[in-house]
1. Report, by residue number, each residue of segment 249-261 that is part of a strand (DSSP E or B) and surrounded by fewer than 24 Cβ atoms within 10 Å (Cβ to Cβ).
2. Considering only residues that are part of a loop (DSSP other than H, G, I, E, B) and buried (at least 22 other Cβ atoms within 10 Å of the Cβ), which ones fall in segment 99-109?
3. Within segment 150-168, is there a residue that is in contact (Cβ under 8 Å) with a residue 24 or more places away in the chain and in a strand (DSSP E or B)?
4. Output yes when any residue across segment 130-146 is closer than 21 Å to L42 by Cβ and either at pLDDT 95 or above or in a loop (DSSP other than H, G, I, E, B) (or both), and no when none is.
5. Select from segment 210-224 the residues that are surrounded by 17 or more Cβ atoms within 10 Å (Cβ to Cβ) and either assigned to a loop (DSSP other than H, G, I, E, B) or touching an Asp or Glu at 6+ places or on another chain (Cβ under 9 Å) (or both) and list them in ascending order.
6. Does segment 191-203 contain any residue that is open to solvent by less than 10 Å² (accessible area, probe 1.4 Å) and touching an Asp or Glu at 6+ places or on another chain (Cβ under 7 Å)?
7. Select from segment 51-76 the residues that are small (G, A, S), in a loop (DSSP other than H, G, I, E, B) and buried (at least 16 other Cβ atoms within 10 Å of the Cβ) and list them in ascending order.
8. Can you name the number of the only condition in (1) assigned to a loop (DSSP other than H, G, I, E, B); (2) open to solvent by 60 Å² or more (accessible area, probe 1.4 Å); (3) over 21 Å from G161 (Cα atoms); (4) modelled with pLDDT of 95 or more that Q207 fails?
Amino acid sequence: MKAVVYKQKGVFELEERPMPRILDPRDAIVRVTLCSICSSDLHIKHGSVPRAEPGVVVGHEMVGVVTETGEAVAGFRAGDRVTVNVETFCGECFYCKRGFVNNCVCGGWELGGRIDGGQAEYVRVPFADCGLDRIPEGVSDEAALFTGDILATGYWAAKIGGIGAGDTVAVLGAGPTGLCAMACAKLYHPAHVVAVDLREDRLALAQREGFADIALNAAQTDVAAALREMTEGRGADVVIEAAGGRDTLQTAWQVARPNATVCIVALYESPQALPLPQMYGKNLTFKTGGVDACDCGEILRLIAAGKIDMRPLITHTLSLDRAMEAYDLFEQRRDNVIKVALKP
């Protein structure tokens, strides 16, 4: 089968690989019908994910059809349309039982980094009863595509942010993850969802699709001052940092009001620091890390109900044969690319 493989730092290649097979009774094999390129794939390519192993098939955001299940898989059978979770988790360990599936003792983020992922014709999914979710009738592959990764991240960020009705939520970064966070923040009925980015095309999309009602270009606006002006001098009640830029962590705490929650879901390419003396007295709560992607079933129900629709993020769809062209398109941001999908 064809698959996109991480060869070494800076090098991905499309090559022929053996078909995956059941290795554990809890495994399932999924025929991939649609996958996407994620910014995290670029982090792997650039060598910023030390756990990623050369030789691995990349890709961790996909949907497909189950073709085979191990004898211990109870919840799925051949023919089921499914989303695949970015996290590999057992559902039984100390962390899984508390919903902290990113820290599962058996996995965490494995697919497309440490074990073969889904930018391929087929993928093996460990712990299939946890790692798969059935796509509801009437929900397209395109509508379900982001469920297991960036939409799960956006949902998780809004959830741990503790957003209340009437809050002002600032989302730094109007890329795919930030847009998903905005869409999920709106589920909590805030007074304002404010998109903050440097690119007018992304800000325009955020407002055009209704993900945010206010857009601030950080290159042209004093974001902290603008947020204080719309909140009677306080600042944002919840800040979601999904940009991962050189200075965006500093912006995140600066635009937050005292006693706010700052959720950091960005993946940085260099170490970050908090200037604690300058922050003293703001009494901020920080929540950080990789997504606990254990709400995918609920996300799919919201998609089926018309409450979340992230299909506008798919700006290009190319065949898997053109994967290297797709990566070039995504990495160079030609044509103002938001998300590129691959169809095996």
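The values are calculated or read from the model by the stated rules, or taken from the named source; none is laboratory data. This one's a predicted model, so the numbers in the text were calculated from it and none came from an experiment. Backbone-built Cβ (ideal geometry, glycine too); neighbour counts: all protein chains shown. Surface accessibility is based on the protein's heavy atoms, side chains included, excluding ligands, DNA and RNA. Shrake-Rupley method; radii C 1.70, N 1.55, O 1.52, S 1.80 Å.
1. R257, P258, N259, T261
2. Across segment 99-109, the qualifying residues are C104, G107.
3. Yes, there is a match, as at least one residue in segment 150-168 is in contact (Cβ under 8 Å) with a residue 24 or more places away in the chain and in a strand (DSSP E or B).
4. Yes, the conditions are met somewhere in segment 130-146.
5. Across segment 210-224, the qualifying residues are F211, A212, A215, L216, A218.
6. Yes - at least one qualifying residue is present in segment 191-203.
7. Correct list: A52, G59, G70.
8. Unmet for Q207, out of (1) assigned to a loop (DSSP other than H, G, I, E, B); (2) open to solvent by 60 Å² or more (accessible area, probe 1.4 Å); (3) over 21 Å from G161 (Cα atoms); (4) modelled with pLDDT of 95 or more: (1).
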